[in-house]
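First the structure, in the form of C-alpha cells, and then the observations on it.
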Amino acid sequence: MVIAVFTGVAGSGKSTLIASYYKWLKRRLITRVAVVNLDPGAEVLLYRPTLDIRGFFTLEDVMRKFRLGPNGAFIKAAELVAENIDKVLSKEPFSNLEEWDMVLVDTPGQLEAFILRPAGSKVLQELSKRGNTVVVYLIDSSVVENVADAITLWLLGFLVQVKLGLDVVPVLSKADLAKNVSALKSLVDKDADVSRLFDTLEAKGLVADLVPEFLHLVNKTRGAFRAVAVSAVREEGLEELHFLIHEAFCGCGDLT
Ligand SMILES: Nc1nc2c(ncn2[C@@H]2O[C@H](COP(=O)(O)OP(=O)(O)OP(=O)(O)O)[C@@H](O)[C@H]2O)c(=O)[nH]1
Ligand SMILES: [Mg+2]
C-alpha cells in the first residue's frame, strides 16, 4: 500500500493529475485506489473522493467563522486538520488501509500555507506513520520560461523534502504546455550539465557569485531524484510516474 501526496504551487495541476492518474490506474486494473481531498478550498473536483475534508469544513466556513481572508483561512484550515487528525484518520480509507493498494492525497494549492508550515507537515508525518508515503511534487511546465524558473521550482521541491523528510518524486506537469523545453530538459535529463546553462541566467553581483553553488546543488539533487514529465490532459507520462512512485520505496530498501 502506498500513500502518494500530491503537492506543488497553486494551479500546478495536482487535482487534474490525480483524476487522470486515477483513471489510468483503474484501466490497469489497479482498482483498490482511494482519493483523499485535503483542499477545503476546492470548488469542483474531477474525481470522486473517498474522504473529503470539505465534509468537515470548507474554506468559506473557516473564513466566516474566524473572520479571515483566504490565505489566513488556508493556514487556519491546516491547523484544524492537524488538531483533528485522529478524527480525520479514523475515516475511510485511513481506517482500513489494508484494503487499498494506493491512496492519492490532494492538497491545497497554497504550498506555503500547508506543506511549509508546522500544521501541514504534522498532517503528513501522521500519514507517513500509517503507510509508505511519497510526496509527488509538481513543477508546472507552462510557467518555466527560463533556467532561473526551472531552478527555483526545482529547489522548492528539494526544500519540501528537507522540510518533510519524506521521499519526493518531482513531476514536470502540463508537459503539453511546456514553454522552454531545454530548461525543463535540464531537470529531466540526468546527463545534462545544468552549470553549462549558467550564461542564460544573466545574474549580477552576489547572485552571480552564488548561482554556481545553486547549480551545483541542482546537479547533486538531480542525481538523487529522477523527474518525470507528464500531461494529465493527454494522459502521457503516467506509467513512468507510477513506476517512480513505487521505486521510491525500492530505493530505500523497504519492500515490506
Ligand atoms: N494543458 C494542460 N492543462 C492542465 C494540465 N493539468 C492541469 N491543467 C489545467 O491547469 C489548471 C489548474 O489545474 P488544477 O488541477 O486545478 O491545479 P491544482 O494544482 O489542483 O490547483 P489548486 O488546487 O487550485 O492549487 C486547470 O485549468 C487545468 O485544466 C495538463 O496536463 N495540461
Ligand atoms: Mg487542486
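A few remarks follow.
- Filtered by the rule that a residue be closer than 19 Å to G11 by Cα and of a type outside the set (A, V, I, L, M, F, W, C), region 25-48 gives N37, D39, P40, G41, E43, Y47.
- Residue match in region 44-63 (condition: charged (D, E, K, R), touching a residue at least 24 places away in the same chain (Cβ under 8 Å) and either in a loop (DSSP other than H, G, I, E, B) or within 16 Å of ligand 2 (Cβ to nearest atom) (or both)): no
- Leading residue by the ranking (nearest to L25 (Cα to Cα)) among those in region 1-15 that are assigned to a strand (DSSP E or B) and either within 15 Å of ligand 2 (Cβ to nearest atom) or aromatic (F, W, Y) (or both): A4
- Figure legend. Inter-residue proximity from region 132-156: first residues open to solvent by 20 Å² or more (accessible area, probe 1.4 Å), second residues among the polar types (S, T, N, Q) and outside any strand (DSSP E or B), beta-carbon distance below 7 Å, spacing 6+ or different chains. Indicated pairs: E145/N180; N146/N180; N146/T200.
- When K26, K65, K76 are checked against the criterion of being away from ligand 1 (no atom under 13 Å from the Cβ), at pLDDT 95 or above and touching a Phe, Trp or Tyr at 6+ places or on another chain (Cβ under 6 Å), a single residue qualifies: K76.
- Residues of region 63-82 that are among the small types (G, A, S) and either buried (at least 16 other Cβ atoms within 10 Å of the Cβ) or in contact with a Lys or Arg (Cβ under 7 Å, 6 or more places away or on another chain) (or both): A73, A77, A78, A82.
- Looking across region 60-80, the residues that are touching a helix residue (DSSP H, G or I) at 6+ places or on another chain (Cβ under 6 Å) and over 18 Å from A10 (Cβ atoms) come down to F66, E79.
- Complete set of residues in region 40-56 that are within 14 Å of ligand 1 (Cβ to nearest atom) and buried (at least 18 other Cβ atoms within 10 Å of the Cβ): P40, G41, A42, Y47, P49, D52, I53, R54
- Breaking point among (1) touching a residue at least 40 places away in the same chain (Cβ under 8 Å); (2) open to solvent by less than 70 Å² (accessible area, probe 1.4 Å); (3) farther than 25 Å from V162 by Cβ, for K91: (2)
- Top-ranked residue in region 151-190 [being more than 28 Å from G120 (Cβ to Cβ) and among the charged types (D, E, K, R); ranked as modelled with the lowest pLDDT]: K190
The values are calculated or read from the model by the stated rules, or taken from the named source; none is laboratory data. Here the structure is a predicted model, which means the values were calculated and not measured. Neighbour counts are summed over all protein chains in view; Cβ atoms, including those assigned to glycine, are modelled from backbone coordinates with ideal geometry. Areas reflect the complete protein model, heavy atoms only, side chains present, ligands, DNA and RNA absent. Shrake-Rupley method; radii C 1.70, N 1.55, O 1.52, S 1.80 Å.
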